[in-house]
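J.: I am attaching a structure below and will ask some questions about it afterwards.
The values are calculated or read from the model by the stated rules, or taken from the named source; none is laboratory data. If you're wondering where the values come from, they're calculated on a predicted model, not measured in any experiment. So basically every Cβ, Gly included, is an ideal-geometry build from the backbone, and we count neighbours across all protein chains shown. When the accessible area is computed, the model is the full protein with side chains, heavy atoms only, and any ligands, DNA or RNA have been set aside. Shrake-Rupley method; radii C 1.70, N 1.55, O 1.52, S 1.80 Å.
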Amino acid sequence: MPIRKLLPTDAGEYFRLRLEGLQSFPEAFGESAEEFEALDLQAVAERIATRSHQTACILGHFDEDEVLRGTVGLQGSSRQKMQHTALLWGFYVARESRGQGLGQKLVETLLSEARSWQGLEQIKLSVSSRNEGAMRLYRSFGFETFGVEPRALKLGDEYFDEDHMMLWLGRGFGAGETG
């Protein structure tokens, strides 16, 4: 099946897959599994609905059995001086679906969607500095690290740094244009 924008009616599948990601890779997400698990399906449906408009979306890939296998979100800014930016967030591919190019297709589809947003110039994201696979994928699309946040997340007594990455749409990073 093709990748498509999630709808509030996808709340059950989204809840299942997001919870899997939060439990399997807690160092990769700012939200904890416990925080997310406390939500009811109506709250999850509302979360999807609030990210289903002109400058926000959650994309998902469903298999032939209508099982959600991967997601990625894009959130634009409503602030006037930041409307040229968006945040890529919530990227996750189910364990059994990895190694099939699904992550690449999700990011590719997300970037295609982003390029259709009027005025959008750059996409930012944060990724665990230890997640070499995700960083390699993002770099393959032209994302570049512009900073590292030490101790961005804390799980128990362990800290995790995050790389902050950016993709300039339509021109190279550091092109000297400052507005």
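J.: Pairs of lysines 8 or more apart, or on different chains, with alpha carbons under 21 Å: count those in the chain, would you? Intermediate values should be presented prior to the final figure.
T.: Values: 5/105; 5/124; 81/124; 105/124.
So the count works out to 4.
J.: Moving on. With every protein chain left in place, what is the accessible area per residue of the chain in square angstrom, probe 1.4 Å?
T.: 55 Å²
J.: Right, something else. Starting from the 7 Å offset along Cα-to-Cβ, what nm value, one decimal, do you get for the label separation of residue 4 and residue 16?
T.: About 1.7 nm separates the two model spin labels.
J.: Rounded to the nearest 500 deg cm²/dmol, what is the calculated helix-only ellipticity per residue at 222 nm for the chain, with -39500 (n - 2.57) per DSSP H run of length n ≥ 4?
T.: Numbers: 5 runs with 52 residues, N = 179.
Using -39500 (n - 2.57) per qualifying helix, the result is -8500 deg cm²/dmol.
J.: Would you mind telling me the share, in percent, of accessible area of segment 61-158 contributed by carbon and sulfur at probe 1.4 angstrom?
T.: Carbon and sulfur: 44 percent of the exposed surface of segment 61-158.
J.: Let me ask something additional. Taking N as the number of residues in segment 35-75, what is its alpha-carbon radius of gyration divided by 2.2 N^0.38 Å?
T.: Ratio of Cα Rg to 2.2 N^0.38 Å: 1.28.
J.: Find the all-direction average of the projected area of the Cα convex hull for the chain, expressing the result in square nanometres with one decimal place.
T.: Numbers: hull surface 43.0 nm².
About 10.8 nm², averaged over all directions.
J.: Also, I was wondering about something else. Let's see if you can work this out: charge +1 on each Lys and Arg Cβ, -1 on each Asp and Glu Cβ, no other charges. What is the dipole magnitude of the chain about its Cα centre, in debye to the nearest 20? Working shown, then result.
T.: Numbers: 20 positive and 27 negative charges, 147 e Å.
Value, rounded to 20: 700 debye.
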